[in-house]
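The values are calculated or read from the model by the stated rules, or taken from the named source; none is laboratory data. Here the structure is a predicted model, which is why all the values come from computation and not from measurement. Heads up, the Cβs are rebuilt from the backbone with ideal geometry, glycines too, and the neighbour counts pull from every protein chain shown. Heavy atoms of the whole protein, side chains included, go into the accessibility calculation; ligands, DNA and RNA do not. Shrake-Rupley method; radii C 1.70, N 1.55, O 1.52, S 1.80 Å.
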Amino acid sequence: MALKDILNFFSPKDKTFFPLFEQATHKLTKLSEFLHEAANATKNDRDIYFTKIDELAENIEKTSHTMNLELSKNFITPFDREDIHALMSTIEDVSSNLQEASNRIRMYQVEKISKSIRKITEINLEACQLITVSVKELKEMKDFKNVFECVKKINKLDRKSDSVFEKAISDIFENETDVKNIIKYKEVLASLDKATDKCKAVARVLEAVAVKHS
């Protein structure tokens with residue numbers, strides 16, 4: 001038995017940090033799901049999704065605050081304290097940018113949701129689902145193969161989002177004549193693409209933890 005396996009065997013099972021991570025990632029996936037559903041709903045049906053998104057974003061923020069309090073109280077942590085903080089912070093960043101996209105759709109009263117907006121909400125949903133899977137896989141701190149696989153997929157989704165975003169912005173400036181619509185679509189798309197960038201930041205932290213404990 002390898003030394004790290006012996007240490008893992010005798011280390012107390014974490015009952016604080018991973019439950020908080022699982023709460024946060026579950027809520028993040030639901031938030032991204034509601035945003036994708038809002039993007040595919042009619043304008044009159046979106047408000048219920050926007051309300052749920054705000055509630056989930058607030059809950060994730062509270063979970064992040066609880067995590068910071070637990071870090072200050074607990075001497076033993078399942079992995080490095082700075083990585084715990086970085087992982088929770090980047091998860092919260094994804095939530096904040098998805099909520100920002102939701103708020104911009106509502107604030108700018110976007111009538112027609114473009115295909116590119118719907119596509120990037122779909123990409124973000126898939127990335128958030130992979131983050132949730134990765135956190136569950138990380139919990140045992142043993143076999144990190146699936147974590148590395150999820151990280152690769154999230155990075156691929158980030159590149160896909162960048163491609164959709166760049167084409168969408170190009171199309172807007174080429175075909176849209178209403179200046180207000182140019183601003184509306186550009187701002188919503190920017191928030192969504194930034195959310196995917198933050199998913200990639202989460203993936204970097206997950207990868208770093210997995211490498212350290214492999």
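For segment 194-201, indicate whether the set of residues that are at pLDDT 95 or above and more than 30 Å from Glu82 (Cβ to Cβ) is non-empty. The answer is no, given that none of the residues of segment 194-201 is at pLDDT 95 or above and more than 30 Å from Glu82 (Cβ to Cβ).
Looking for something part of a helix (DSSP H, G or I), modelled with pLDDT under 95, open to solvent by 50 Å² or more (accessible area, probe 1.4 Å) and basic (Lys, Arg) - is there at least one such residue anywhere in segment 14-24? For segment 14-24, residues part of a helix (DSSP H, G or I), modelled with pLDDT under 95, open to solvent by 50 Å² or more (accessible area, probe 1.4 Å) and basic (Lys, Arg): absent.
For Thr177, the criteria (1) assigned to a helix (DSSP H, G or I); (2) farther than 30 Å from Glu22 by Cα; (3) at pLDDT below 95 hold in every case but one, which is (1). For Lys142, the conditions (1) surrounded by fewer than 22 Cβ atoms within 10 Å (Cβ to Cβ); (2) more than 19 Å from Ile84 (Cα to Cα) are fulfilled apart from (2).
Please verify whether Leu125 is touching a helix residue (DSSP H, G or I) at 6+ places or on another chain (Cβ under 9 Å), under 30 Å from Tyr108 (Cβ atoms) and in contact (Cβ under 8 Å) with a residue 60 or more places away in the chain, treating the condition exactly as stated.
Working: touching a helix residue (DSSP H, G or I) at 6+ places or on another chain (Cβ under 9 Å): yes; under 30 Å from Tyr108 (Cβ atoms): yes; in contact (Cβ under 8 Å) with a residue 60 or more places away in the chain: yes.
The answer is yes for Leu125.
From the list Asp178, Asp197, which one is under 11 Å from the mean Cα position of the chain (by Cα) and surrounded by fewer than 22 Cβ atoms within 10 Å (Cβ to Cβ)?
Details: Asp178 fails: under 11 Å from the mean Cα position of the chain (by Cα).
Selected residue: Asp197, the only one of Asp178, Asp197 that is under 11 Å from the mean Cα position of the chain (by Cα) and surrounded by fewer than 22 Cβ atoms within 10 Å (Cβ to Cβ).
Of all the listed residues (Ala208, Ala168, Ala201), the sole one being in contact with a Ser or Thr (Cβ under 7 Å, 6 or more places away or on another chain) and more than 15 Å from Val94 (Cβ to Cβ) is Ala168.
Any idea which of Asp193, Asp158 is assigned to a helix (DSSP H, G or I), free of Cβ contacts under 8 Å to residues at least 60 places away in the same chain and closer than 28 Å to Ser114 by Cα?
Values: Asp193 fails: free of Cβ contacts under 8 Å to residues at least 60 places away in the same chain.
Result: Asp158 is the single residue among Asp193, Asp158 that is assigned to a helix (DSSP H, G or I), free of Cβ contacts under 8 Å to residues at least 60 places away in the same chain and closer than 28 Å to Ser114 by Cα.
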